[in-house]
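The values are calculated or read from the model by the stated rules, or taken from the named source; none is laboratory data. From a predicted model like this one, the values you see are computed outputs, not experimental measurements. Counting neighbours? That spans all protein chains shown, and the Cβs are built from the backbone with ideal geometry, glycine included.
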Protein chains: 4
Amino acid sequence: MKSKLKPWIFTASCPSVLGTVDVVTRYMAEYGNYVEDIHSFDDRAADRFFIRIEFHPQFEGFSAEEFNTGFSPRAEEFEMEWSLTPPEHRPRVAILVSKYDHCLNDLLYRHRTGQLNIEVPVIISNHPDLKHLAEWHDIPYYHLPITPDTKPEQEAQIVKLLEEYDIELVVLARYMQVLSADLCSYLDGKAINIHHSLLPGFKGARPYHQAWEKGVKMVGATAHYVNNDLDEGPIIAQGLQQVDHAHYPEDLIAKGQDVERITLMNAVRCHIEKRVFLCGSRTVVFSK
Amino acid sequence: MKSKLKPWIFTASCPSVLGTVDVVTRYMAEYGNYVEDIHSFDDRAADRFFIRIEFHPQFEGFSAEEFNTGFSPRAEEFEMEWSLTPPEHRPRVAILVSKYDHCLNDLLYRHRTGQLNIEVPVIISNHPDLKHLAEWHDIPYYHLPITPDTKPEQEAQIVKLLEEYDIELVVLARYMQVLSADLCSYLDGKAINIHHSLLPGFKGARPYHQAWEKGVKMVGATAHYVNNDLDEGPIIAQGLQQVDHAHYPEDLIAKGQDVERITLMNAVRCHIEKRVFLCGSRTVVFSK
Amino acid sequence: MKSKLKPWIFTASCPSVLGTVDVVTRYMAEYGNYVEDIHSFDDRAADRFFIRIEFHPQFEGFSAEEFNTGFSPRAEEFEMEWSLTPPEHRPRVAILVSKYDHCLNDLLYRHRTGQLNIEVPVIISNHPDLKHLAEWHDIPYYHLPITPDTKPEQEAQIVKLLEEYDIELVVLARYMQVLSADLCSYLDGKAINIHHSLLPGFKGARPYHQAWEKGVKMVGATAHYVNNDLDEGPIIAQGLQQVDHAHYPEDLIAKGQDVERITLMNAVRCHIEKRVFLCGSRTVVFSK
Amino acid sequence: MKSKLKPWIFTASCPSVLGTVDVVTRYMAEYGNYVEDIHSFDDRAADRFFIRIEFHPQFEGFSAEEFNTGFSPRAEEFEMEWSLTPPEHRPRVAILVSKYDHCLNDLLYRHRTGQLNIEVPVIISNHPDLKHLAEWHDIPYYHLPITPDTKPEQEAQIVKLLEEYDIELVVLARYMQVLSADLCSYLDGKAINIHHSLLPGFKGARPYHQAWEKGVKMVGATAHYVNNDLDEGPIIAQGLQQVDHAHYPEDLIAKGQDVERITLMNAVRCHIEKRVFLCGSRTVVFSK
């Protein structure tokens, strides 16, 4: 039964009613899919059920299409939203940056070494500064400058690129621009941002300076989905670092960068491994 | 569907074969048991399947006996070891101590305030020192002194008490005695010990002094099941604390005590909530 | 030179000018005081110097009075605020509580076992619930109920008790009352509060419920000095705990309590060991 | 007084006697050196004094030579070992690697972005694999293959390179070779190794596999000075990561790599900022 092959991943959510688990696991068993790992959770507050399964088909000729055909009527009965992800799937990720390179460098490093199972077909920035990094990794880099006047136009260019490159996930790796409401809506649930504070503390600009003013003893970072409300999308992951009085704002920034890149990377990994579910303004994360 | 009542807990393990999940979840669904939380895991190395389910019966008159009768034949087919724990179950826990009181104090505090859902019908010690704590909590305290000569006798008394008080779990809360092989066997899988190091580092006596000699920058604690090999039973939980050069052995001891009591408490909680499974010399812990 | 005796502690702060360190250390040397540990820091933003020294007098007949007389003129030259704390000093601490007992229990445990070198001559509460804990530790417990109408009166009684018992430090160990501006002023710099969030996030009531609504992945606690601005006094210590989606508000509360008591205890320890200096709205903490 | 210029750093250690601090701080004051930060510590066990000072000369024309001439006689009196490091000093660091690139990548990234104030004039490896990384950073890369037979020769080549390039610190960034006793002696106190476990647990080969066998719930890394005893040199820094039963050895390795690179970087930073002192088999680290 055991296998080191990467598994298929099945995820689903639906209203909480009797039989939600059974409808899934029975189907798995009937079609000879060996379940290696299940995590399910019922959110009492939202009255909603979430499940994630890793499985290996036991028989040759497993077909996603057949799986879908067979499962759809059962899923409908439960008003279930579900998805099936093949082992070989590598999400196409666009990275947006400004001038800071620590998050970009980390994502590209993990992409290059296979630690993050993604494709990065395009990098987009409002500054030219990080072009050399993109070039070294042989990834097209689009420099789309932005001014208050050209913002709508620039965002339209971004959307066009995302579609041209068939992008599944956008990562805002310290892209220091406030997105328009339109772009936020467009990206809803498919863009991850890293904010350099333990949200909801220190929203807005210069959070490390704010933190220093308050004399905090810990600084952190929050990776969250983008939604309409700036710095308020559903939180996926948070990280943190202890500091003391000897840390001036510039020291907080330096220490914070390690937290930012690790927190962002954790969130991206959870997302691409289909571990994250939206549940209203919160998330369910079946972490490893 | 949602409920704030405490759930029934079902746990099982068996060899990894197709259908292990389904046999459980189908039974749940057929008998109207609403599954609120599943965690399952297949250990590739041991080729063994583990599952833990929290569920609420949907119909009045749920009976554990009927559940057992109905499920047994299905379980047998899969060579499944399984257990069913009712919501009202409070394990009867005996605490063994010597002179250090930090772990005992913590366990009794959490017991008294309902944070640990256990009964503590008896405390046993080789010293009289902690009797006052037991008395304040109104728990019988047995002082069973021990010398190399009287060890077999003393251990026999312990076993007699464990049986008299119908004990389900023994917690060695800094009981500073090496148990005989016989007692270890007797307690196999039903006694939790706290060792004041990140095992397997610093086994044996005076681990904080050993750690200080090595100039470590972190000290920790390990909660593990007792087995024949001293300080080597399967690990349930580990905790740790940063230290620096200004910490002499006595400082390491002081700092370590917080780690010890929290680590021990975590392990006890995981055990009584049926989150821990033995898997050879390792454990599977479905932690919350 | 080495000694396991507890040291004298000297602390000082003054404007940053050349010679601040020398004026202190030269005096130490000249009077035969062996310096075992120095920590000094110049805050660039405040342009202020802070120093903490642990020392052992080398000669018999060391007298604080003589020390003071000798040092005063030198200190004046530097506009230095300073203090000298003898090894045997045990600050008299009043603990204020409401109904939650986790912080009180922890402080009393550490007081009883000598881990916190304080005296606790009095416990004050607006509820009778924790009287039994006080009694077991043989500490007078004053139940001073409070209503909006009787608040000024009740606070006057508190102040009277603090003076009667000659209190040096007040610890608000989950005392669930908003203090009046007058009482805050009275307690300025000599009262430590524990707030159950990583301030400045989640100020005000029910912070764990607020945190749950936001779907945070970490909860924390902040120990700070009381000042006029509720939940905004200078931060002394912060602690934190990872959580996930399966933690409802009641779970966050339960997990948070361990963080609260450890964070509060750390802050109290730093304060009584004279490690904390006020620096405007921030603190300098020379932690061990 | 305040300055954002980088400070001069003075460090010293000597036997613990009265006046050790004063001899240093008085000299600083007399020569108009503004002390911004002192940390001193007396190790009771070793009976030895350690001090680190950051200072800014107040007068133009400060000369290290004059400082040395003036301070030497005073230092001799106390048998003091001491050093003075100018603000502009950038230690010349050689990095030794094998095939793993995560530590090298991290060090070079921080070097390139100025986060680590070092020069890296040379990278040496027993494999050709990481040449491209060196090239991108424009650093000479020496591929010195090694076999049991050629080991003495290969190590001689390494030493020759270290001398040619005038190297002050050697960083073994996962250089997977056991150094000869001769090379260890040569590198004593000036080479930092990263070992992928919380030493002294899991010494030797394949520590993550060892850790997995034991079912540990935490994995870590240790950065230490190289000395004759493999995996036993004085510890500078340790880091750690929580894991669970679902982590197979390959997962431990992946998770551990983040700990390794951050722990190694911390150790290197502490070393180059002159925060680390040897104290027998232990270290004193005045960390920020």
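Do we have any residue at all in the range A:27-40 that's farther than 20 Å from A:Phe286 by Cβ and more than 9 Å from chain B (Cβ to nearest Cβ)?
yes
Any residue at all in the range C:201-208 that is over 24 Å from B:Met265 (Cα atoms), in contact with a helix residue (DSSP H, G or I) (Cβ under 6 Å, 6 or more places away or on another chain) and of a type in the set (A, V, I, L, M)?
So far as the range C:201-208 goes, no, none of its residues is over 24 Å from B:Met265 (Cα atoms), in contact with a helix residue (DSSP H, G or I) (Cβ under 6 Å, 6 or more places away or on another chain) and of a type in the set (A, V, I, L, M).
Tell me whether the range C:166-180 contains one or more residues that are assigned by TED's automatic domain parsing to the domain that holds C:His271, in a loop (DSSP other than H, G, I, E, B) and on the phi > 0 side of the Ramachandran plot. Working first, answer last.
If we filter the range C:166-180 for residues that are assigned by TED's automatic domain parsing to the domain that holds C:His271, which is where we start, we get C:166-180.
Narrowing the set further to residues that are in a loop (DSSP other than H, G, I, E, B) leaves C:166-168, C:173-180.
Checking which are on the phi > 0 side of the Ramachandran plot leaves us with C:166, C:174.
The answer is yes; a qualifying residue exists.
Filter the range D:15-43 down to residues that are assigned to a loop (DSSP other than H, G, I, E, B) and out of contact with any Leu (no Cβ under 9 Å at 6 or more places or on another chain) and give me whichever is nearest to A:Tyr248 (Cα to Cα).
Restricting attention to the range D:15-43, the residues satisfying the condition of being assigned to a loop (DSSP other than H, G, I, E, B) are D:16-19, D:31-32.
In the following step, the residues that additionally are out of contact with any Leu (no Cβ under 9 Å at 6 or more places or on another chain) were identified as D:16-19, D:31.
Values: D:Ser16: 33, D:Val17: 35, D:Leu18: 35, D:Gly19: 33, D:Tyr31: 28 Å.
Going through the qualifying residues, I end up with D:Tyr31.
Which residue, of D:Ala12, D:Ala46, is within 14 Å of another protein chain (Cβ to nearest Cβ), within 17 Å of D:Phe286 (Cβ to Cβ) and in a loop (DSSP other than H, G, I, E, B)? Spell out the reasoning first.
On the way: D:Ala12 fails: in a loop (DSSP other than H, G, I, E, B).
None of the other options fit; the residue is D:Ala46.
Among residues belonging to the range C:233-265 that are surrounded by fewer than 21 Cβ atoms within 10 Å (Cβ to Cβ) and of a type in the set (S, T, N, Q), point out the one that is nearest to the other protein chains (Cβ to nearest Cβ).
Checking each candidate, the answer is C:Gln242.
Please report, ordered by residue number, the helices (runs of 4 or more DSSP H) entirely within the range D:60-157 with at least 2 residues that are closer than 18 Å to D:Val171 by Cβ and under 19 Å from the mean Cα position of the chain (by Cα). Let's see the steps before the verdict.
Working: elements: D:64-77, D:102-112, D:131-136.
Counting at least 2 such residues, we get D:102-112.
Does A:Ile235 satisfy the criteria of being touching a Phe, Trp or Tyr at 6+ places or on another chain (Cβ under 8 Å) and touching a residue at least 40 places away in the same chain (Cβ under 8 Å)?
no
Taking the range B:53-76, which residues are surrounded by 12 or more Cβ atoms within 10 Å (Cβ to Cβ), out of contact with any Leu (no Cβ under 8 Å at 6 or more places or on another chain), over 26 Å from B:His111 (Cβ atoms) and within 14 Å of chain A (Cβ to nearest Cβ)?
Within the range B:53-76, B:Ile53, B:Phe55, B:Pro57, B:Phe62, B:Arg74 meet the criteria.
Within the range A:266-288, which residues are of a type outside the set (Val, Ile, Thr), buried (at least 22 other Cβ atoms within 10 Å of the Cβ) and within 13 Å of chain C (Cβ to nearest Cβ)?
Filtering the range A:266-288 down to residues of a type outside the set (Val, Ile, Thr) leaves A:266-267, A:269-271, A:273-275, A:277-282, A:286-288.
Subsequent filtering for residues that are buried (at least 22 other Cβ atoms within 10 Å of the Cβ) retains A:267, A:271, A:277, A:286.
If the condition is that a residue be of a type outside the set (Val, Ile, Thr), buried (at least 22 other Cβ atoms within 10 Å of the Cβ) and within 13 Å of chain C (Cβ to nearest Cβ), then A:Ala267, A:Phe277, A:Phe286 are the ones that fit.
In the range D:25-38, is there at least one residue being touching an Asp or Glu at 6+ places or on another chain (Cβ under 7 Å), in the same structural domain as D:Asn68 (by TED's automatic domain parsing), in contact (Cβ under 8 Å) with a residue 12 or more places away in the chain and of a type in the set (Val, Ile, Thr)?
Scanning the range D:25-38, I find at least one residue that is touching an Asp or Glu at 6+ places or on another chain (Cβ under 7 Å), in the same structural domain as D:Asn68 (by TED's automatic domain parsing), in contact (Cβ under 8 Å) with a residue 12 or more places away in the chain and of a type in the set (Val, Ile, Thr), so the answer is yes.
Does D:Leu264 meet the test of being more than 14 Å from the chain's Cα centre (by Cα) and either assigned to a loop (DSSP other than H, G, I, E, B) or at pLDDT 90 or above (or both)?
Considered against the rule, which asks whether it is more than 14 Å from the chain's Cα centre (by Cα) and either assigned to a loop (DSSP other than H, G, I, E, B) or at pLDDT 90 or above (or both), D:Leu264 comes out as no.
Kindly provide the set of residues from the range A:215-248 that are farther than 21 Å from C:Leu240 by Cα and either part of a strand (DSSP E or B) or touching a Pro at 6+ places or on another chain (Cβ under 6 Å) (or both), ordered by number.
A:Tyr225
Is one or more of the residues making up the range C:203-214 among the hydroxyl-bearing types (Ser, Thr, Tyr), at the interface with chain A (Cβ under 10 Å from one of its Cβ atoms) and crowded, with 17+ Cβ neighbours inside 10 Å? Let's see the steps before the verdict.
Just the residues of the range C:203-214 that are among the hydroxyl-bearing types (Ser, Thr, Tyr), to begin with: C:208.
Filter again for at the interface with chain A (Cβ under 10 Å from one of its Cβ atoms), leaving none.
Scanning the range C:203-214 turns up no residue that is among the hydroxyl-bearing types (Ser, Thr, Tyr), at the interface with chain A (Cβ under 10 Å from one of its Cβ atoms) and crowded, with 17+ Cβ neighbours inside 10 Å.
Quick one: in the range D:17-26, which of the residues that are in contact with a Lys or Arg (Cβ under 6 Å, 6 or more places away or on another chain) and at the interface with chain C (Cβ under 7 Å from one of its Cβ atoms) is surrounded by the fewest Cβ atoms within 10 Å (Cβ to Cβ)?
D:Arg26
Looking only at the range D:75-102, how many residues end up being over 26 Å from D:Leu161 (Cα atoms) and free of Cβ contacts under 8 Å to residues at least 12 places away in the same chain?
1
Name the single residue that is surrounded by the most Cβ atoms within 10 Å (Cβ to Cβ) among those in the range A:113-125 being of a type outside the set (Asp, Glu) and under 12 Å from A:Ile95 (Cα atoms).
That would be A:Ile123.
For the condition closer than 30 Å to C:Arg261 by Cβ and touching an Asp or Glu at 6+ places or on another chain (Cβ under 8 Å), what is the one hit in B:Arg92, B:Arg110? If you could, list the steps in order and put the result at the bottom.
Details: B:Arg110 fails: touching an Asp or Glu at 6+ places or on another chain (Cβ under 8 Å).
Matching residue, one of B:Arg92, B:Arg110: B:Arg92.
Please go through (1) at negative phi; (2) within 13 Å of chain D (Cβ to nearest Cβ); (3) not aromatic (Phe, Trp, Tyr) for B:Ser185 and return the number of the only condition it doesn't satisfy.
(2)
Checking the condition in contact with a strand residue (DSSP E or B) (Cβ under 9 Å, 6 or more places away or on another chain) and either under 30 Å from B:Asp43 (Cα atoms) or in contact (Cβ under 8 Å) with a residue 24 or more places away in the chain (or both), which residue from D:Tyr165, D:Tyr142 passes?
Exactly one residue qualifies, and that residue is D:Tyr165.
Identify all residues within the range B:181-201 that are part of a strand (DSSP E or B) and without any contact (Cβ under 8 Å) to a residue 60 or more places away in the chain; write none if there are none. Can you show your working first?
Quick first cut of the range B:181-201, residues part of a strand (DSSP E or B) only: B:191-195.
B:Ala191, B:Asn193, B:His195 - these are the residues of the range B:181-201 that are part of a strand (DSSP E or B) and without any contact (Cβ under 8 Å) to a residue 60 or more places away in the chain.
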